[in-house]
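Below is one structure, written out as structure tokens, with a few remarks after it.
The values are calculated or read from the model by the stated rules, or taken from the named source; none is laboratory data. A quick note: this is a predicted structure, and the numbers were derived from the prediction, not measured. Positions of Cβ are backbone-derived with ideal geometry, glycine not excepted, and every protein chain shown enters the neighbour counts. These area figures cover heavy atoms from the full protein model, side chains too; ligands, DNA and RNA do not enter into them. Shrake-Rupley method; radii C 1.70, N 1.55, O 1.52, S 1.80 Å.
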Amino acid sequence: MKKLIRGLEWFRTLDPNMSINSILVFLYAMQKEAYPTQRDIEKKLGASNAAASRNVSYWLEYKKGMTAGQGLLQQTPDIMDRRAQVLNLTPKGRAFTKQLELILED
């Protein structure tokens, strides 16, 4: 439990009002073996398209309009389905992930 608390506290350094769904989106996206699309996020969260979009955009460079996002994820076209956008970590996202993994190792 202490590790979970430390991990959640690390997320709070970005935004103390961050939702658990936003945290889950990032955790799904940081898994190296499967880079998800927004549709995958919808299914995993059991969320609507709009809710998934909102939680994904939270992590992108820009949220709705030109409002700054966290800049930890980016979307790239899926080579198998150009209509879909795959979520990938940005360099800033990889650094955040590396620190999170260190926090969870202790």
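Select from the range 45-71 the residues that are touching an Asp or Glu at 6+ places or on another chain (Cβ under 9 Å) and under 15 Å from Leu14 (Cβ atoms) and write down the one among them that is surrounded by the most Cβ atoms within 10 Å (Cβ to Cβ). If you could, list the steps in order and put the result at the bottom.
Step one: of the range 45-71, the residues touching an Asp or Glu at 6+ places or on another chain (Cβ under 9 Å) are 48-49, 51-53, 58, 68-71.
Subset that is under 15 Å from Leu14 (Cβ atoms): 58, 68-71.
Values: Tyr58: 22, Ala68: 9, Gly69: 15, Gln70: 20, Gly71: 15.
The qualifying residue surrounded by the most Cβ atoms within 10 Å (Cβ to Cβ) is Tyr58.
May I ask you to say which residue of Met18, Met1, Met30 is touching a Leu at 6+ places or on another chain (Cβ under 7 Å) and within 20 Å of Leu100 (Cβ to Cβ)?
Details: Met18 fails: touching a Leu at 6+ places or on another chain (Cβ under 7 Å); Met1 fails: touching a Leu at 6+ places or on another chain (Cβ under 7 Å).
It is Met30.
One residue is enough: does the range 53-69 have a residue meeting the conditions without any contact (Cβ under 8 Å) to a residue 60 or more places away in the chain, β-branched (Val, Ile, Thr) and part of a helix (DSSP H, G or I)? Before you say what the answer is, go through the steps one by one.
To start, the set of residues in the range 53-69 that are without any contact (Cβ under 8 Å) to a residue 60 or more places away in the chain comprises 53-69.
Subsequent filtering for residues that are β-branched (Val, Ile, Thr) retains 56, 67.
In the following step, the residues that additionally are part of a helix (DSSP H, G or I) were identified as 56.
Taking every residue of the range 53-69 in turn, at least one turns out to be without any contact (Cβ under 8 Å) to a residue 60 or more places away in the chain, β-branched (Val, Ile, Thr) and part of a helix (DSSP H, G or I).
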Could you look through the range 16-27, keep only residues that are under 11 Å from the mean Cα position of the chain (by Cα) and under 15 Å from Ser57 (Cβ atoms), and pick out the one that is surrounded by the fewest Cβ atoms within 10 Å (Cβ to Cβ)? Leu24
Report yes if Glu42 is among the acidic types (Asp, Glu), open to solvent by 80 Å² or more (accessible area, probe 1.4 Å) and within 14 Å of the chain's Cα centre (by Cα), otherwise no. no
Looking only at the range 81-106, filter to residues that are within 15 Å of Gln38 (Cβ to Cβ) and either more than 13 Å from the chain's Cα centre (by Cα) or not aliphatic (A, V, I, L, M) (or both); which one of those is most open to solvent (accessible area, probe 1.4 Å)? Arg83
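Among the residues of the range 55-69, what is the count of those that are at pLDDT 90 or above and out of contact with any helix residue (DSSP H, G or I) (no Cβ under 8 Å at 6 or more places or on another chain)? So that I can check it myself, show each step before the final result.
Initially, the range 55-69 is screened for residues at pLDDT 90 or above, giving 55-61.
Still in the list and also out of contact with any helix residue (DSSP H, G or I) (no Cβ under 8 Å at 6 or more places or on another chain): 57, 60-61.
Count: 3.
Residues are listed down the side, and each one gets a yes or a no for (1) farther than 17 Å from Leu89 by Cβ; (2) in a helix (DSSP H, G or I):
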| position | (1), (2) |
| --- | --- |
| Lys3 | yes, yes |
| Arg6 | yes, yes |
| Asn17 | yes, no |
| Ile23 | no, yes |
| Tyr28 | no, yes |
| Gln31 | no, no |
| Ile41 | no, yes |
Report yes if Leu100 is in a helix (DSSP H, G or I) and out of contact with any strand residue (DSSP E or B) (no Cβ under 7 Å at 6 or more places or on another chain), otherwise no. yes
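When you go through Thr13, Thr37 one by one, which is the residue that is surrounded by 12 or more Cβ atoms within 10 Å (Cβ to Cβ) and β-branched (Val, Ile, Thr)? Talk me through it step by step, then tell me what you get.
On the way: Thr13 fails: surrounded by 12 or more Cβ atoms within 10 Å (Cβ to Cβ).
Criteria check complete, one pass: Thr37.
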